[in-house]
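Data block below; observations after.
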Amino acid sequence: MSDLTGKVAIVTGSTKGIGRAIAEHLLEAGASVVVNARSAGPVEAIALALGDRVLGIVADVGDAIQCQRLVDETVEHFGRLDILVNNAGLGIFKPLSEMTVEEWQLQVDVNLGSVFYCSKAALPHLSATTDGFIVNIASLASRNPFAGGTGYNASKFGALGLTEAMMLDVRYDDVRVSIVMPGSVDSYFNHREQVPERTWRLHVEDCAVAVLQVLSYPKEAHVSRIEMRPSQPKRG
């Protein structure tokens, strides 16, 4: 595991599921971490549970102004920003004919807009560290469409394209940009409860390990994409 002592990371959507697991692994590696969600209660609870090197910031990352505030408050508190993990996401699964304009817009704002807003706000600080990272958490749905995935697929396809173009834009600014694309994960996504026993699905910790792997390479090496899937998915 990388030694991230002295580094500062933001993890969006990090009060539960994949985001919380990533925050915990970053802390174990020595980083200070900003945890984030839209509601104050969960943010305060997770910040208290994770300890002294954690700052909780309430922000709706589907809003550009709040994303800028999230970054500004992080840098004001810790004095720097080294790692941005764009993890926040949601899915509304229904046919195009049944999806409302508001449901479409919400998915685009959170799954795609937040990646742009947070990354744009963070880039000057990440570049200043001379070894900054942006790691975007997307999905295998970023390149595999499915029925009922109109809004979700569109936003995740966009996140993949944004990641790969941004990687080329900032590679000479001392910032590496990567994407982690898990398949089925046993998480709280879309209000589904996690189960205590190991299932055929990926666990949230598997995704966190992938993020730490991305961060572990020397500056001259860059893992731009990790695709993850259950090794033995449920048949039928």
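Nothing in this text is a laboratory measurement; each read-out follows from the coordinates by a stated rule. Here the structure is a predicted model, which is why all the values come from computation and not from measurement. Heads up, the Cβs are rebuilt from the backbone with ideal geometry, glycines too, and the neighbour counts pull from every protein chain shown.
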Treating cross-link reach as a plain straight distance, find the lysines whose alpha-carbon is under 23 Å from the alpha-carbon of Lys156, omitting any fewer than eight places away in the same chain. Lys16, Lys94, Lys120
Ranking of His222, His203, His25 by count of other Cβ atoms within 10 Å, fewest first: His222, His203, His25
How would you rank Ile92, Ile10, Ile83, Ile18, going from fewest to most other Cβ atoms within 10 Å of each one's own Cβ? Ile92, Ile83, Ile18, Ile10
Springs between alpha-carbon pairs under 10 angstrom, Gaussian network model over the chain: which of Ile65, Ile57, Ile179 fluctuates most? Ile65
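Quick test of the membrane-span-like rule: which DSSP H helices of the chain reach at least 24 Å along their long axis (C-alpha atoms) with mean Kyte hydropathy at least -1.0?
On the way: long enough: 150-170 (30 Å, 0.40).
Going by DSSP H runs, the hits are 150-170.
For the stretch 82-236, what relative contact order do you get, as a whole percent, if you take Cα pairs closer than 8 Å and at least 6 residues apart?
Rounded, it is 24 percent for the stretch 82-236.
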Residue-normalised 222 nm signal for the chain, counting each DSSP H run of n ≥ 4 as -39,500 (n - 2.57), nearest 500 deg cm²/dmol, is -12500 deg cm²/dmol
